[in-house]
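This report refers to the structure that appears directly beneath it.
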Amino acid sequence: MKGLLTTLRYTFMNLRGQILGWGLGVGLYGIMIVQMFETMAAQQGQLQKMIANYPKEFLAFFGGDANSIMTPSGYLHMYAFSMLPIIISIFSILVGSGMIVSDEERGRLDLIIAHPVGRSAFFFGRFLGVVAAILTMLLIGWIGFSLLLGKSSLGVNVGQMLVPFISLFVQILFYVAITLLLSVLLPSRTLAAVVGGVIVVSSYMISSLAFMDDILMTISKIMPYHYFQTVLEVNDLNLTWLFSLLGISILMVILAWLRFLRRDIRLSGEGSWKLRFSINPKRA
Amino acid sequence: MKTNKMTKPNPDLAIQAQGLTKSYGKIQALEGIDLEVKYGEIFGFLGPNGAGKTTTIRCLLDMIRPDGGIAYLLGINPQENPVKVQTMTGYLPGEMQFYDNLTAEGQLRFFSDMRNGRSDWSYVCNLADQLDLDLKQPIKNLSKGNKQKIGVIQALMHKPDLLLLDEPTSGLDPLMQQKVLVLLREFNRQGTTIFFSSHVMSEVENVAQRVAIIRAGKIIEIAETESLTHRTLNRFIVRFKQKIDISQISRLEGVSILSQNGSDQIKFQTTGDIQKVIQTLGTLPVQDLETEHPSLEEIFLTYYQ
């Protein structure tokens, strides 16, 4: 247990720069978005006219439409929360793919794991450290979004502002989990990050354009972004979606843990593992 | 693991391995390693690059899982209870990387914390003093030798019962190499069993009580260091009173002629039965005879010729 806590503490401390950077970035963006609502509200008529002229594919990318743009949740979704999962996914992919494999590829894991921590305690210490980092980052972001709510005509209180952050947390956790799993299955961290990036981008694009096509709509249902919710009331949250995504994320973390327990630890300079199903024509 | 003939650990052995095999794809890294290291022993593990030294040590510490065979460290199977093994052992990898954003002190405190803070910090400072390591220096500014000192200190800082060291003096200057070897001897005097790999023969010869030689994943020799240097390879310089037929010596089993000065002086070495050489020389008109004890390095090379 002590090994797990030590690993958690060091993981969190190592991520402090990223926590501050991303947290302050999201927080400042929140301040700006809430402040901007007053300007938007003052020009509501013109804005709605302009938005109505936009191609619906364009609007779909920002998750908005002319009718919902001036509602609190519509405004926040279009100008902030539709893009936050994608923006923060960069952090998720880097942290998830590097959680174990970064130290391994740099030749540090060999010595760390030789200390009496145990692979399980090390793995979950790292994972919980990452979870703590995400929560802290989102807390800073939420504070930013909430800071000017009292002076805003948006009509959202700090408690309501917390609700989309719950769904955002689950989205981020999903991307961390999938890139973590990929990193222990694929030959290198880079490949895991690339595959993770493809999943994030395709998830966003397919889910955003799903309304245009039935096939896209069907495909979007297996995409994580499809289940992202910008709602301002807990009662409006689709808990089945939320807990399903959370459950899948936990399952992926468990699979990554089981794989980590069984695999050899690489040394720096050993290169990457070969894909088990790769075909080498010279050997065939 | 496929074969587990040894079911119980021997209480007299600090390291016990039987039939360890490991392959990486089609490359067979270990082909049935058998090792027995007694408590309180300094055991050298010799072999050229790629022979399987690091793979053996990493199998012993559960970094990598052998395909077959079984091992016990301090009476514990490292696959069943790696944490207990790691608590009682100190490990120095052959290749080390640290967190560049930390100082030497920060890195060592990290390792100490990973051992649940069991290390006595004043002792860590003492070790750093002995090895002339400035703990306040950022890792990124340290030379390879100074990074090696951090590795040595982290392996020793908790006063382990067993040390597994992969080329411990790598990257150190000769003076510092001596200091590390003195430290290891001091630890051994206090009861620590030391298993270390090297391809620096002189340090193995100076420090190790027994040595194993590994080649292509197989142990090809295990012997006491002293007996190995005396037993295996003998070198003679013989001057004769008159010219002789050198083939009488060169045809003996294990004899190779190193140099010849006319037909009345030869230098040769033998890896075979010394008795037969002496008997043959007894039949010849020997004027002068010198013998040389070759270094472990020279003996080591004979295994690879």
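Structural remarks
- Scanning the stretch B:176-219 for residues that are without any contact (Cβ under 8 Å) to a residue 60 or more places away in the chain, open to solvent by 60 Å² or more (accessible area, probe 1.4 Å) and not polar (S, T, N, Q), we see that the one that is farthest from B:A155 (Cα to Cα) is B:R189.
- Selection status of A:L139, free of Cβ contacts under 8 Å to residues at least 24 places away in the same chain, among the aliphatic types (A, V, I, L, M) and assigned to a helix (DSSP H, G or I): no
- All positions within the stretch B:71-86 that are more than 21 Å from the chain's Cα centre (by Cα) and either open to solvent by 50 Å² or more (accessible area, probe 1.4 Å) or of a type in the set (V, I, T) (or both): B:I76, B:Q79, B:E80, B:N81, B:V83, B:K84
- Test: residue in the stretch A:33-42 that is open to solvent by 40 Å² or more (accessible area, probe 1.4 Å), of a type outside the set (D, E, K, R) and within 14 Å of another protein chain (Cβ to nearest Cβ): no
- Some residue of the stretch B:84-93 being under 14 Å from A:P116 (Cα atoms) and among the small types (G, A, S): yes
- Being touching a Gly at 6+ places or on another chain (Cβ under 6 Å), farther than 24 Å from A:R16 by Cα and among the aliphatic types (A, V, I, L, M) is not true of B:M157.
- Subset of the stretch B:7-36 [open to solvent by 80 Å² or more (accessible area, probe 1.4 Å), within 21 Å of B:R215 (Cβ to Cβ) and assigned to a loop (DSSP other than H, G, I, E, B)]: B:K26
- Unique match (being free of Cβ contacts under 8 Å to residues at least 40 places away in the same chain and more than 10 Å from chain A (Cβ to nearest Cβ)) among B:E95, B:E31, B:E80: B:E80
- Annotation: of all residues in the stretch A:1-16 being open to solvent by 50 Å² or more (accessible area, probe 1.4 Å) and part of a helix (DSSP H, G or I), the one that is farthest from the other protein chains (Cβ to nearest Cβ) is A:F12.
- Residue within the stretch B:239-253 that is more than 29 Å from B:G50 (Cα to Cα), under 34 Å from the mean Cα position of the chain (by Cα) and of a type in the set (V, I, T) present: no
- Here B:G90, B:G40 are screened, and the one residue that is more than 14 Å from chain A (Cβ to nearest Cβ) and of a type in the set (G, A, S) is B:G40.
- Residues satisfying the stated conditions in the stretch A:232-247, i.e. open to solvent by less than 80 Å² (accessible area, probe 1.4 Å) and either in contact with a Lys or Arg (Cβ under 8 Å, 6 or more places away or on another chain) or assigned to a helix (DSSP H, G or I) (or both): A:L242, A:S244, A:L245, A:L246, A:G247
- Of the criteria (1) away from chain A (no Cβ under 12 Å); (2) closer than 19 Å to B:F45 by Cα; (3) of a type in the set (A, V, I, L, M, F, W, C); (4) surrounded by 20 or more Cβ atoms within 10 Å (Cβ to Cβ), which one B:V124 fails: (2)
- For the stretch B:131-144, the set of residues classified as surrounded by fewer than 17 Cβ atoms within 10 Å (Cβ to Cβ) and either among the hydroxyl-bearing types (S, T, Y) or more than 14 Å from chain A (Cβ to nearest Cβ) (or both) consists of B:D132, B:D134, B:K136, B:Q137, B:P138, B:N141, B:S143, listed by residue number.
- If the condition is being more than 9 Å from chain A (Cβ to nearest Cβ) and either buried (at least 18 other Cβ atoms within 10 Å of the Cβ) or touching an Asp or Glu at 6+ places or on another chain (Cβ under 9 Å) (or both), then the stretch B:98-108 contributes B:T103, B:A104, B:E105, B:Q107, B:L108.
The values are calculated or read from the model by the stated rules, or taken from the named source; none is laboratory data. The structure displayed is predicted, hence computed values, not measured ones. Backbone-built Cβ (ideal geometry, glycine too); neighbour counts: all protein chains shown. To get the accessible areas, we keep the full protein, side chains included, count just its heavy atoms, and leave off ligands, DNA and RNA. Shrake-Rupley method; radii C 1.70, N 1.55, O 1.52, S 1.80 Å.
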